[in-house]
1. What single numbered condition from (1) within 17 Å of the chain's Cα centre (by Cα); (2) open to solvent by 60 Å² or more (accessible area, probe 1.4 Å) fails to hold for residue 44?
2. For the range 47-71, give me the residue count where each residue is closer than 12 Å to residue 150 by Cβ and either assigned to a strand (DSSP E or B) or open to solvent by 50 Å² or more (accessible area, probe 1.4 Å) (or both).
3. Look through the range 108-131, keep the residues that are modelled with pLDDT of 95 or more and surrounded by 17 or more Cβ atoms within 10 Å (Cβ to Cβ), and return whichever of them is farthest from residue 62 (Cα to Cα).
4. Please determine, by comparing only the residues of the range 75-92 that are among the polar types (S, T, N, Q) and under 16 Å from residue 111 (Cα atoms), which one is least open to solvent (accessible area, probe 1.4 Å).
5. Criterion first (in a strand (DSSP E or B), at pLDDT below 95, aliphatic (A, V, I, L, M) and under 30 Å from residue 137 (Cβ atoms)) does residue 92 satisfy it?
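The values are calculated or read from the model by the stated rules, or taken from the named source; none is laboratory data. Every value quoted in this text rests on a predicted model; they were computed, and no experiment measured them. Glycine gets a Cβ as well: all are built from the backbone with ideal geometry, and neighbour counts include every protein chain shown. When the accessible area is computed, the model is the full protein with side chains, heavy atoms only, and any ligands, DNA or RNA have been set aside. Shrake-Rupley method; radii C 1.70, N 1.55, O 1.52, S 1.80 Å.
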Amino acid sequence: SFLFALVAVAGLLSMTSSSKSSEVLLTTTTADVQTGETFLVDVYVSATTPINAVSILVTYPDNIEILGIDKGESVLTLWTREPTVEQTKRLVSLEGGTYKKGFIGKHKIATLRATAIGEGEGAFAVTEALLVAGDGRGTELSSDVTKAVIALAVSDKAAGESVVPTAAFAATTVAVSD
C-alpha cells in the first residue's frame, strides 16, 4: 500500500529588512497519511505587532481533498467572508478580523480537515497573506516572498522506498514586515 508522508520542511527564510516580523505558519497533526485517511492542517499567525485583520490564501495539491474548515478555535471573531474552499482551483480562502485592537503572539486562524485521495507529491502553501495592523488606521503589513509550506512525499511502505518532493521548499513561514 502506498503511503503519504507529510513532511514539515524545516527552516525559516527571513527576507525582510526589519528585525521584527509577523509570520503565517502551517502545521499538521501527523507525519504519515495513507490514501483515504483524514488529517488536519492548522493555519496560524504569529504576530509581533498587534494585528486585527487577515486575508490568507492556501493552495493544496491535486491528490488532497479539503473536507472542511474549522474556525471554532480561531482568534478571529468576525469573518468578513466565510472561509471557502475552491476545489477546482485547489484554493482555501480565510478572511476575517477581531473586534479587539489586535492580537500579538501565535494564534490559530483555522484548521483545514483534509484527506489524501491519490498518490503523488505536492504541497500545501500559503500563496498570499495580508495582515492588517490593529492601529486604527488599517495599516497593511505587506507579506514577503517566503512561503509557508508543508510538502507531501509518497512512499511505498511495502518496498520501503520513498519519493522526495522535487520542488525545493525551504520555509515553513510567510514573513511579514512590520
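1. Just one mismatch for residue 44, condition (2).
2. As a first pass, look at the range 47-71 and keep what is closer than 12 Å to residue 150 by Cβ: 58-61, 64.
After this cut, where a residue has to be either assigned to a strand (DSSP E or B) or open to solvent by 50 Å² or more (accessible area, probe 1.4 Å) (or both) as well, the list is 58-59, 64.
Adding up the residues that qualify gives 3.
3. Going through the qualifying residues, I end up with 108.
4. Going residue by residue through the range 75-92, those that are among the polar types (S, T, N, Q) are 77, 80, 84, 87-88.
Subset that is under 16 Å from residue 111 (Cα atoms): 77, 84.
Working: 77: 79, 84: 45 Å².
Checking each candidate, the answer is 84.
5. Values: in a strand (DSSP E or B): yes; at pLDDT below 95: no; aliphatic (A, V, I, L, M): yes; under 30 Å from residue 137 (Cβ atoms): yes.
Considered against the rule, which asks whether it is in a strand (DSSP E or B), at pLDDT below 95, aliphatic (A, V, I, L, M) and under 30 Å from residue 137 (Cβ atoms), residue 92 comes out as no.
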